[in-house]
1. State all residues of segment 12-55 that are within 18 Å of residue 109 (Cα to Cα), touching a helix residue (DSSP H, G or I) at 6+ places or on another chain (Cβ under 6 Å) and part of a loop (DSSP other than H, G, I, E, B); if no residue qualifies, say none.
2. Mind listing just one residue for me: the one in segment 122-142 that is in contact (Cβ under 8 Å) with a residue 12 or more places away in the chain, out of contact with any strand residue (DSSP E or B) (no Cβ under 8 Å at 6 or more places or on another chain) and within 21 Å of residue 40 (Cβ to Cβ) and, of those, surrounded by the fewest Cβ atoms within 10 Å (Cβ to Cβ)?
3. Quick check on my filter: what residues within segment 106-121 are touching a helix residue (DSSP H, G or I) at 6+ places or on another chain (Cβ under 8 Å), free of Cβ contacts under 8 Å to residues at least 60 places away in the same chain and part of a loop (DSSP other than H, G, I, E, B)?
4. Which one is modelled with the lowest pLDDT, of the residues in segment 91-105 that are surrounded by fewer than 18 Cβ atoms within 10 Å (Cβ to Cβ) and outside any strand (DSSP E or B)?
5. Can you name the residue in segment 162-186 that is exposed (fewer than 13 other Cβ atoms within 10 Å of the Cβ) and within 25 Å of residue 55 (Cα to Cα) and is also modelled with the highest pLDDT among such residues?
6. Does residue 90 satisfy the criteria of being on the phi < 0 side of the Ramachandran plot and touching a strand residue (DSSP E or B) at 6+ places or on another chain (Cβ under 8 Å)?
């Protein structure tokens, strides 16, 4: 697992890797994330393999802004008002997804919903703009083990694992870093699925 400190050179390399169907692990606005082209089925499959994630579990996506959501999910006026209040932020929003959306079915875990993240993180937003595609938004950890904002804690999980990301961009955060809060907007009232 190649680990590089965050720099302009490393970020350019990350763009190239993702364009070629690879996977990059990097800091986000919450825990470390596994980032790939969300439209590339093989890249998404690779993330499932790296995480040892069950195929029936969905993976969320990073988008640039609220207007970008319309391509992938249904959005009514009430939901849009809610999103404008809370995004960008440390939230994963669950919406009813559109079909077809140009995204591989493996992302959805057999559900008719999609998880969407819009964040303030400069690195994630730069990657989205450069690649002009939605990116995967899932934590960098082995499934059923704790995600983290500290790379050394994550590396321990992958010590004896053969399949790893193509690149890890290192930039540790201080304090207790938690995953995003998950809010389901598919019902009449918002439902918090993860605090």
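The values are calculated or read from the model by the stated rules, or taken from the named source; none is laboratory data. Predicted, not measured: the structure shown is a model, and the values here were computed from it. Neighbour counts are summed over all protein chains in view; Cβ atoms, including those assigned to glycine, are modelled from backbone coordinates with ideal geometry.
1. The one that is within 18 Å of residue 109 (Cα to Cα), touching a helix residue (DSSP H, G or I) at 6+ places or on another chain (Cβ under 6 Å) and part of a loop (DSSP other than H, G, I, E, B): 36.
2. Among those residues, the one meeting the criterion is 129.
3. Step one: list which residues in segment 106-121 are touching a helix residue (DSSP H, G or I) at 6+ places or on another chain (Cβ under 8 Å), which gives 106-107, 114, 116, 118-119.
Next, only the ones that are free of Cβ contacts under 8 Å to residues at least 60 places away in the same chain stay: 114, 116, 118.
Within segment 106-121, 118 is the sole residue that qualifies.
4. 100
5. 163
6. yes
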